[in-house]
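To start, the structure itself, in structure tokens.
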Amino acid sequence: AFAGKESYLFVPKYVERGKLLQMMMYNARIIRVGETVDDLLDPVQEACRLNNFYDASEYNPLSLEGQKTMAFEIFEKGEFDNMIIPVGNGGTIFSIYRGFSQLLKLEFIDKIPRLIGVQSENCAPFTDKNAVAKKTEALAIYVKKPLFRDLAIEAVKKSEGVFFKISEEEIREAQKIMAKKGIFCELASATTIAAGLKYKLKGKTLCIVTGSGLKSFNIKKDYFGVTSTKIEILRLLKEKESYGYEIWKNLNKKMKIQAVYQHLNGLQEKNMISSKKIGRKIYYTITDKGKRFLEVYKEMI
């Protein structure tokens with residue numbers, strides 16, 4: 001957004017509302033495809049090929065290289081016997097393994113920590129390849145056919161690790177426990193805490209908790225100052241362009257017309273509507289950003 005580059009984001013049906021809202025506020029072009037993250041990968045590749053887009057998906061090898069540096073950062077903090085990592089596509093746990101493998105080769109460490117992958121029992125393709133996946137509240141790891149499944153399994157096996165399944169109730173409880181410690185993590189990250197508490201591994205254990213709960217929190221109203229009245233105005237303007245008095249009448253609310261103009265000014269400041277003077281009246285029109293906001297809002301309700 002800051003660089004002024006146009007961004008096309010492929011998003012599945014099931015995605016945290018906070019994340020979806022953040023994409024919209026940064027003025028990204030949101031394209032809905034499939035139900036889960038793995039449904040997006042092939043359409044993303046095809047779109048990049050046809051339009052000469054930069055592919056920032058997990059097919060991009062730089063994503064694995066970037067995640068690999070997590071191992072270097074962890075190494076700087078000290079030695080651990082076990083590392084518990086949430087697994088969706090399997091890219092993170094494989095990348096961390098690659099990082100530790102390089103540290104081992106350079107003789108910075110004597111042994112790679114045991115890598116423990118954690119999934120929701122509703123969707124656990126690393127332990128139950130042929131099981132029918134059910135929706136999990138931990139949407140960030142809701143992946144039915146992991147792209148890096150074989151590589152992740154190999155990494156866990158070589159590190160003498162294992163994959164665990166955690167119930168939805170255990171995940172929610174772990175999130176509450178972390179909140180009491182002052183850390184609001186998303187449910188996918190809470191799986192690692194749930195696994196650590198449940199299985200009580202021997203030795204020093206590190207849980208990867210990187211996903212913020214603020215992005216996955218299910219906000220219901222007043223999105224960044226876009227109140228219910230502003231949303232009603234956007235809906236009216238999506239039907240047709242209109243002027244202040246007409247909008248005020250169509251809202252059918254007990255409010256002064258001056259309040260309607262305040263809402264209109266607020267929407268203009270957010271570039272969700274534009275205005276033009278025709279004769280003695282000022283007409284308001286919804287912008288592309290305003291239309292995208294309504295699309296996102298519809299998904300959130």
Next item on the list: Determine the sum of side-chain charges near MET255: Lys and Arg each +1, Asp and Glu each -1, restricted to other residues whose C-beta is under 14 angstrom from that of MET255.
Entry: +4
Item checked: Charge context of TYR54, other residues only, Cβ under 13 angstrom, K/R +1, D/E -1 -> 0
Check: lysines within cross-link reach of LYS19: Cα-Cα under 20 Å, excluding same-chain residues under 8 positions apart?
Finding: LYS5, LYS135, LYS215, LYS220, LYS221, LYS270, LYS289, LYS291, LYS298
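Please give the calculated 222 nm ellipticity per residue for the chain, where each DSSP H segment of at least 4 residues contributes -39500 (n - 2.57) and the sum is spread over every residue; nearest 500 deg cm²/dmol?
On the way: 12 runs with 138 residues, N = 301.
Helices in the chain give a 222 nm mean residue ellipticity of -14000 deg cm²/dmol.
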Check: For the chain, what is the relative contact order in percent, using Cα pairs closer than 8 Å and at least 6 residues apart in sequence?
Finding: 17 percent
Notebook entry, point to check: Counting alpha carbon pairs within less than 8 Å and at least 6 residues apart, what relative contact order, in whole percent, applies to the range 33-139?
Noted result: 20 percent
Check: Fewest to most neighbouring Cβ within 10 Å: what's the order for LEU267, LEU9?
Finding: LEU9, LEU267
Notebook entry, point to check: What share of the DSSP beta bridges in the chain is antiparallel, in percent to the nearest 5?
Noted result: 40 percent
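The numbers here are math on the coordinates, done by the rules we state, and not lab data. As the structure is a prediction and not an experimental result, all values here were calculated from the model. Cβ: placed from backbone, ideal geometry, glycine included. Neighbour counts: every protein chain shown.
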